[in-house]
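The values are calculated or read from the model by the stated rules, or taken from the named source; none is laboratory data. Keep in mind that what you see is a predicted model, and the values were worked out from it rather than measured. Here the Cβ positions follow ideal geometry from the backbone for every residue, glycine too, while neighbour counts run over all protein chains shown.
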Amino acid sequence: MAELTMVEALNKALHEAFSADDRVVLLGEDVAQTGGVFRVTAGLLKEYGGERVIDTPLSEAGIVGTAVGLSLYGLLPVVEIQFDGFVYPAFEQIVVHVARYGWRTNGECPANMVIRIPFGGGVRAPELHSDSPEALFAHSPGLKVVCPTTPSDARAMLLAAITHPDPVIFMEPKRIYRAGRQEVSDALPFDLGSTNGDASSLLSTARLAREGNDLVIFAYGATVPLSVEAAEKLKTDKGTSLRVVDLRSLYPLDVDAITSHASACGRALVVHEAPRTAGIGAEVSSLIHERVMLDLEAPVGRVTGFDVPFPQFANEDDYLPSVERIARGAEKVLSF
Amino acid sequence: MAELTMVEALNKALHEAFSADDRVVLLGEDVAQTGGVFRVTAGLLKEYGGERVIDTPLSEAGIVGTAVGLSLYGLLPVVEIQFDGFVYPAFEQIVVHVARYGWRTNGECPANMVIRIPFGGGVRAPELHSDSPEALFAHSPGLKVVCPTTPSDARAMLLAAITHPDPVIFMEPKRIYRAGRQEVSDALPFDLGSTNGDASSLLSTARLAREGNDLVIFAYGATVPLSVEAAEKLKTDKGTSLRVVDLRSLYPLDVDAITSHASACGRALVVHEAPRTAGIGAEVSSLIHERVMLDLEAPVGRVTGFDVPFPQFANEDDYLPSVERIARGAEKVLSF
Amino acid sequence: MSTQEPLRIIGDGGELPDHPVPDGLGEKELLELYRWLVILRTFDERAVMLQRQGRVGTYPLYWGEEGTTAGALFACEDADWIFPSYRQCSVGILRGLPVATVLGWVRGYGGPAGFYNPRDYRLGPICVPIATHLPHATGVAWAAKIRGERTASLAWFGEGATSEGDFHEGLNFASVFRTATVFFCTNNQWAISTPVTRQMATRTVAEKAAAYGIPGIRIDGFDPLACYKAAKEALDRGREGGGPTLIEAFTYRIKAHGTADDPSLYRDETETQKWAQLEPVGRMASFLRRLEILDDDKNDELKAEAKEMVAEGVRGLESVEQPGPEVMFDYVYASDNPWTFTEGLEEVNSVARKPEAAPPQPPSPPSAGDVEIQPGSGAPGVEEA
Amino acid sequence: MSTQEPLRIIGDGGELPDHPVPDGLGEKELLELYRWLVILRTFDERAVMLQRQGRVGTYPLYWGEEGTTAGALFACEDADWIFPSYRQCSVGILRGLPVATVLGWVRGYGGPAGFYNPRDYRLGPICVPIATHLPHATGVAWAAKIRGERTASLAWFGEGATSEGDFHEGLNFASVFRTATVFFCTNNQWAISTPVTRQMATRTVAEKAAAYGIPGIRIDGFDPLACYKAAKEALDRGREGGGPTLIEAFTYRIKAHGTADDPSLYRDETETQKWAQLEPVGRMASFLRRLEILDDDKNDELKAEAKEMVAEGVRGLESVEQPGPEVMFDYVYASDNPWTFTEGLEEVNSVARKPEAAPPQPPSPPSAGDVEIQPGSGAPGVEEA
Ligand SMILES: Cc1ncc(C[n+]2csc(CCOP(=O)(O)OP(=O)(O)O)c2C)c(N)n1
Ligand SMILES: Cc1ncc(C[n+]2csc(CCOP(=O)(O)OP(=O)(O)O)c2C)c(N)n1
Ligand SMILES: [Mg+2]
Ligand SMILES: [Mg+2]
């Protein structure tokens, strides 16, 4: 049992996966020798050697495309895309091949890889180092898209993604990579040998992050702790009781959790960094209205990034949903 | 004045644009010598020569990427992507460069090109010839995304897209390319010389396709005529009066039209071929609920493609929203 | 590095001399390779007929390119993985894939009626998006290398495919990781209507190997033995740790790009007729006759066998039911279907099902493309004259 | 096609002889080029200081690569378009772009405080995504050709960039359409922590030109005159209709990849020290001294001027206000803003604005990347110990 940051927890999961199954390989830019620009893959090269922990040429399509072949041959590739904004060169390989290989092979040869993407803003980075492309993948059939928020989830979900037969887009909220520590048990969260329900459910269920009854905030990644903070603030300032749900799985969405939390609270807000139009928030909002509109006392609100390119970093605080914007968004729904 | 199919109307617009402005150039695979696989660009090579009407090497990223340079130098490129499912190799160039060039140059050098994409199913085509990727572009800030449904709109909107300074993703519903004829005036729809309001409004406004009061269907492209048919059917079968709105602009959505039609009818349905999750329908539904929920008598419904790869064509009729599915979707909303 | 004059084995029995049969090919093997050619030719001609009859959809003809497919495949060991593009759609039948499955694919069937398990035949799925299967071929051979196994891979693609980024990336990874991958380019000089001179500024495809520090071999693509020999040497070299090879099989697209295409719109078909003289099936037959390995009887027998094989496939196709709507959902994930699928299937099942649609008929007006578009009867919502 | 031994003009004043000064470079031009080198060096060193002080963000150092930038630019005519990657971020200041704008960009400013109008300087935007600006450079020269104008273009990129599909596609289009484009690769042997031997199986980048049938030239990237000469010849050839050229400036990344990077984690820094001896600014100075064009006084004067130029830029930077939130919206479209922007700006303006955030400080724990990540103070929602 140790107190780990998300980076350390991810690293732990990788070590565990590598030691449990020698078919697991890792490839990406600068992942081996240096352990990745965020150090998520540190120590793997030394422990498992250059045949399994691979610094590749600088080509995202090449990385993902060859990983399709690796997986076809029976390996379990974990791919790192260095930053969110550099996943686009691999877009064709991801949505046309990774997503459709299972379908095209009668479910026999899914491209069973994990594509890890450190994503989102808030780290004062240059252009294309702060994008949130998750909705593009959620809208591209054949993928699972997940995003952990806590170190413990990060570890368990990454292990689940690796053992899971279908391809998983694994969004890592880089802003909270080192933002806090959490106890992460040394015991494995499930039996890695079998793709059992535990692993699958880690990739398809939401998590209650904070209790509350007046309104529920649905968020994921770095906006979860902000939403919790906004809830605390509204508790202190106005005595309102806000529930926060960490979506965790962006495709498929945990529709049961979403609708029952929304019904229970009667008011809901969705929060994410990605642009608003046709984002995850639009889907969550639609699902809630479609299914439980009569339980609602107000339309579902959205606090999201704007429909603009992620700004240069001096303005990223203007772009990113802040505690205050989330709180105001909640108040708007509350006062409807 | 002539009766034109959509293909002919698009061809007419291209001839008009080429003759009005010698900065207009066309590039794509098989667009010059043969006039394109759908004949949209027929006759241009002969009339305007190989310097302006260009068969390129087989590389979508190369086509779009070099078009960024052409536009930077002052030309007005019209790019053809041969089929929807082959736009993905150009995805990086589109969402990172085409979409962000104006932003990155203080609005001085928008990548003022038109990217024409014949899209959608229903033509019994092989894999990747039937995709509907429009939501991916609507979610990628910096682009305008439009889709004409009638020959006359196709001509006017293409002219508007070419004269318009910002990049336009021009989705062409290939299934109705030759499905019907419409009178298309010989007079230009607006003054091509100036980027005036007429041109802009053609790229941002919805169109009323059928009058009705009990429910409004929002659709675009090939699903508009199907929605009209569904409306006729429900009129005949049940005497219900359905309005149909052709969205035309997918980014930005015509929010005023959308909300006012929804308010007026009290019930609404969104229809598209693309997968449901985080599609255009999710955004339209969210907008309506957010803004005019109190005017609604039922949650907004969605009849869309499923969250699966576009099937092999023997099953495309199972996938595509049909008149019957649309009618049932409307009835569900009507009977809420 | 690259050979500018295409390698040729089979002459014309006249001025052009035959060269020695490559090592390892005895009478039996030569006949077997010829049998493969006949099968491929028979399939192709039958598929075109089926398309004309409206029994399958748009079909990518390969008449004249049988040597590039059969010759290269003949060089592969059973364990080697092969990656076809649409143009090699039928190659799987030479590895035991049912003819009916390939025809099912052309008829637009998904699920087991049109798709297969690649691991059953070490056969990648038929790849429609140009060049994107090249990195997969690299990955498979790379995986074998990582696992210490001697499996090689071979991918077919056209000269048009060399313009895509995936071509470059697939070859570069293969060269850096020295994978046993053979990149087999059928330079048939046309990409739909685009001539090879518009694809590249080099005179040959083989020259491009220099960018990866790998061998680039140019062969006569109408010569099945040249295809065999080049592929065999490349596969052997790869398995010995010599890395990948780029092979350019120089040939010509004798027929249309696909059944929806009319090449007379963009090229001189008298030129085509000249190239057609070089077609590999007749050429191989003449060669075998010169070697006295083949006579009329044997030839007729092989043709009859092939015809029956394909006919059986057609019967198989006709006996398969159109897949139900569940085929859209059931194979997308290997794990449990998400709830969205359950709801989707319910929705589909809630409406009456249309009868199976006929594949498209030959185009009018002509299209140069992959799809035949018919003038419609007029769509509602569009005011008609 | 490719020259394996890098072209060199400047020797070392000892065993390594100087070669004749390229045509067209008189005393005045040599001094001007040296002045450019001094400006670039001064900017780079100052930018690193600013980063250490927390006044700008992560900065991509180019110490030692000034010759590749200044030499190549010196070969360009005013009308020629240039396309920098992040590593040439400051090249614009040699074309009149305010130093403050470049520093604004490094400080994370958008709008006119950090971006510029490319047409004002025939200068593409600083390109962050690797290799993706190469097709743009091709397009600009292609457009000029279509318009019958003699404008050429030049793009800089690293050897890592040669692995991306955009490299291949940009060069292929340029070769097919014979555009006057110079692809100037600074092979500094490292892509962050990845050595050039992991990028490619060829010994040189220049060899890759063979894949496009274009000249591939290898030069000493520490030698500003070699950079000038190769670029000049390539640009002239391009303008005469001779098509594109691939130039490989063979050099070494003396410093870290960026201010967030610690190269001692992945390479032997004593090796680096050897390469550093070849750095271009001192080398050019010695050369000019040998030619008796430069003396201490002149050198001091040039350095003082450059220092003042950069200092003025720093003052300019400090006098610029952090852009307001409207900067996110105002420049996205050239036409009217969509309604979503109006509502977005309203939302942003409805909450109090945070004070300008300081750019990130030097990293701890070290990162090899483009971003410095600090351990946070703990985020809410995550149970803390
Ligand atoms: C990425 C992509 N872009 C466009 C197409 C449409 N298309 C199908 S075949 C073809 C030409 C291919 O030419 P080539 O690579 O020479 O192969 P060939 O058809 O001659 O065998 C094109 C453009 C496609 N299938 N994939
Ligand atoms: C498409 C893309 N992928 C990854 C990155 C992250 N990245 C920034 S610089 C770099 C290495 C570039 O190496 P090279 O091309 O040799 O240029 P150098 O930095 O040496 O000048 C990487 C991987 C990026 N900027 N763009
Ligand atoms: Mg071809
Ligand atoms: Mg480098």
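I need the helices (runs of 4 or more DSSP H) fully contained in region D:63-150, keeping only those with at least 2 residues that are within 14 Å of the chain's Cα centre (by Cα) and more than 16 Å from B:Gly65 (Cα to Cα). Explain how you work it out, then say what you get.
Numbers: elements: D:66-75, D:99-106, D:118-121, D:134-146.
In region D:63-150, the matching helices (runs of 4 or more DSSP H) lie at D:66-75, D:99-106.
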(message) Is it the case, given these coordinates, that A:Gly35 is out of contact with any Gly (no Cβ under 7 Å at 6 or more places or on another chain) and either surrounded by fewer than 24 Cβ atoms within 10 Å (Cβ to Cβ) or of a type in the set (Gly, Ala, Ser) (or both)?
(response) no
(request) Give the residue that is nearest to C:Phe222 (Cα to Cα), with candidates limited to residues of region C:162-178 that are within 15 Å of ligand 3 (Cβ to nearest atom) and more than 7 Å from every other protein chain (Cβ to nearest Cβ). (result) C:Thr162
(message) Criterion first (in contact with a strand residue (DSSP E or B) (Cβ under 9 Å, 6 or more places away or on another chain), of a type in the set (A, V, I, L, M, F, W, C) and within 27 Å of D:Arg239 (Cβ to Cβ)) does D:Trp81 satisfy it?
(response) yes
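Being more than 11 Å from ligand 2 (Cβ to nearest atom), assigned to a helix (DSSP H, G or I) and touching a helix residue (DSSP H, G or I) at 6+ places or on another chain (Cβ under 7 Å), is that true of even one residue in region D:175-185?
Taking region D:175-185 as the starting set, the residues that turn out to be more than 11 Å from ligand 2 (Cβ to nearest atom) are D:175-184.
From what's left, assigned to a helix (DSSP H, G or I): D:175-176.
Pick out the ones that are also touching a helix residue (DSSP H, G or I) at 6+ places or on another chain (Cβ under 7 Å) and you get D:175-176.
Yes: region D:175-185 contains one or more residues that are more than 11 Å from ligand 2 (Cβ to nearest atom), assigned to a helix (DSSP H, G or I) and touching a helix residue (DSSP H, G or I) at 6+ places or on another chain (Cβ under 7 Å).
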(request) Among the residues of region D:195-207, write down those that are surrounded by fewer than 24 Cβ atoms within 10 Å (Cβ to Cβ) and either without any contact (Cβ under 8 Å) to a residue 60 or more places away in the chain or part of a strand (DSSP E or B) (or both). (result) D:Pro195, D:Val196, D:Thr197, D:Arg198, D:Met200, D:Ala201, D:Thr202
(request) Would you confirm whether any residue within region D:135-142 is over 17 Å from D:Ser85 (Cα atoms) and touching a residue at least 40 places away in the same chain (Cβ under 8 Å)? (result) yes
(message) Residues that are surrounded by fewer than 24 Cβ atoms within 10 Å (Cβ to Cβ) and more than 10 Å from chain D (Cβ to nearest Cβ), at least 2 per element: which helices (runs of 4 or more DSSP H) completely within region A:267-336 meet that?
(response) A:280-292, A:323-334
(message) over 30 Å from A:Pro311 (Cα atoms) and either within 16 Å of ligand 1 (Cβ to nearest atom) or not small (Gly, Ala, Ser) (or both): is that true of A:Leu72 in this structure?
(response) yes
(request) Would you confirm whether any residue within region A:79-89 is among the hydroxyl-bearing types (Ser, Thr, Tyr), in a loop (DSSP other than H, G, I, E, B) and either more than 9 Å from every other protein chain (Cβ to nearest Cβ) or under 19 Å from B:Ala135 (Cβ atoms) (or both)? (result) no
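Hey, any hits in region A:95-105 for a residue that's assigned to a loop (DSSP other than H, G, I, E, B), more than 16 Å from ligand 2 (Cβ to nearest atom) and over 14 Å from A:Ala67 (Cβ atoms)? Explain how you work it out, then say what you get.
Within region A:95-105, the subset assigned to a loop (DSSP other than H, G, I, E, B) is A:99-100, A:105.
Now restrict to residues that are more than 16 Å from ligand 2 (Cβ to nearest atom): A:99-100, A:105.
Now restrict to residues that are over 14 Å from A:Ala67 (Cβ atoms): A:100, A:105.
Checked against the condition, which is being assigned to a loop (DSSP other than H, G, I, E, B), more than 16 Å from ligand 2 (Cβ to nearest atom) and over 14 Å from A:Ala67 (Cβ atoms), region A:95-105 yields at least one hit.
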(request) For region A:90-105, name all the residues that are of a type outside the set (Val, Ile, Thr), within 7 Å of chain C (Cβ to nearest Cβ) and in contact with a Phe, Trp or Tyr (Cβ under 8 Å, 6 or more places away or on another chain). (result) A:Glu92, A:Gly102, A:Trp103, A:Arg104
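Do you know which of the residues in region C:160-183 that are in contact (Cβ under 8 Å) with a residue 60 or more places away in the chain and out of contact with any Leu (no Cβ under 6 Å at 6 or more places or on another chain) is nearest to C:Ile254 (Cα to Cα)?
Our first condition is that a residue be in contact (Cβ under 8 Å) with a residue 60 or more places away in the chain; within region C:160-183, this holds for C:161, C:171, C:174-175, C:178-183.
Restricting the remaining residues to those that are out of contact with any Leu (no Cβ under 6 Å at 6 or more places or on another chain) gives C:161, C:171, C:174-175, C:178-181.
Numbers: C:Ala161: 18, C:Leu171: 28, C:Ala174: 32, C:Ser175: 33, C:Arg178: 35, C:Thr179: 33, C:Ala180: 31, C:Thr181: 28 Å.
Among those residues, the one meeting the criterion is C:Ala161.
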(request) Name, by its number, the condition in (1) surrounded by fewer than 24 Cβ atoms within 10 Å (Cβ to Cβ); (2) under 19 Å from the mean Cα position of the chain (by Cα); (3) away from chain D (no Cβ under 13 Å); (4) touching a residue at least 12 places away in the same chain (Cβ under 8 Å) that does not hold for C:Thr186. (result) (1)
(message) Suppose the filter is facing chain A (nearest Cβ under 9 Å) and among the polar types (S, T, N, Q); does C:Thr101 pass it?
(response) no
(request) Would you please name the residue that is farthest from A:Ser260 (Cα to Cα), looking only at residues in region A:185-234 that are among the charged types (D, E, K, R) and surrounded by fewer than 19 Cβ atoms within 10 Å (Cβ to Cβ)? (result) A:Asp186
(message) Which count do you get for residues in region B:122-132 that are within 26 Å of B:Glu283 (Cα to Cα) and crowded, with 24+ Cβ neighbours inside 10 Å?
(response) 4
(message) Among the residues that make up region B:37-53, is at least one of them touching a residue at least 12 places away in the same chain (Cβ under 8 Å), among the polar types (S, T, N, Q) and facing another protein chain (nearest Cβ under 9 Å)?
(response) no
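Could we say that A:Ala111 is assigned to a helix (DSSP H, G or I), within 11 Å of chain C (Cβ to nearest Cβ) and either buried (at least 24 other Cβ atoms within 10 Å of the Cβ) or of a type in the set (D, E, K, R) (or both) here? Lay out the reasoning, then the answer.
Working: assigned to a helix (DSSP H, G or I): no; within 11 Å of chain C (Cβ to nearest Cβ): yes; either buried (at least 24 other Cβ atoms within 10 Å of the Cβ) or of a type in the set (D, E, K, R) (or both): yes.
In short, no.
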(message) Can you find a residue that is more than 15 Å from ligand 2 (Cβ to nearest atom), within 20 Å of A:Leu128 (Cα to Cα) and more than 7 Å from every other protein chain (Cβ to nearest Cβ) anywhere in region D:133-150?
(response) no
(message) For region A:63-88, which positions are within 17 Å of D:Glu164 (Cβ to Cβ) and over 20 Å from the mean Cα position of the chain (by Cα)?
(response) A:Ile63, A:Gly65, A:Thr66, A:Ala67
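So which strands (runs of 3 or more DSSP E) are wholly in region A:139-184 and hold at least 2 residues that are crowded, with 24+ Cβ neighbours inside 10 Å and either touching a Pro at 6+ places or on another chain (Cβ under 7 Å) or of a type outside the set (Asp, Glu) (or both)?
Numbers: elements: A:144-146, A:168-173, A:182-184.
The qualifying strands (runs of 3 or more DSSP E) are A:144-146, A:168-173.
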(request) Could you figure out which of (1) more than 8 Å from chain D (Cβ to nearest Cβ); (2) within 14 Å of ligand 1 (Cβ to nearest atom) isn't true of C:Thr181? (result) (2)
(request) For region A:214-259, name all the residues that are in contact (Cβ under 8 Å) with a residue 40 or more places away in the chain, assigned to a loop (DSSP other than H, G, I, E, B) and among the hydroxyl-bearing types (Ser, Thr, Tyr). (result) A:Tyr220, A:Thr240
(message) Being of a type in the set (D, E, K, R) and in a helix (DSSP H, G or I) is the filter here; which residues of region C:1-50 pass it?
(response) C:Glu27, C:Lys28, C:Glu29, C:Glu32, C:Arg35, C:Arg41, C:Asp44, C:Glu45, C:Arg46
(message) From the list C:Gly92, C:Gly110, C:Gly14, exactly one residue is without any contact (Cβ under 8 Å) to a residue 12 or more places away in the chain and either crowded, with 24+ Cβ neighbours inside 10 Å or not hydrophobic (A, V, I, L, M, F, W, C) (or both). Which is it?
(response) C:Gly14
(request) Considering each of A:Leu45, A:Leu72 in turn, give the residue that is hydrophobic (A, V, I, L, M, F, W, C), modelled with pLDDT of 95 or more and within 19 Å of C:Glu149 (Cα to Cα). (result) A:Leu72
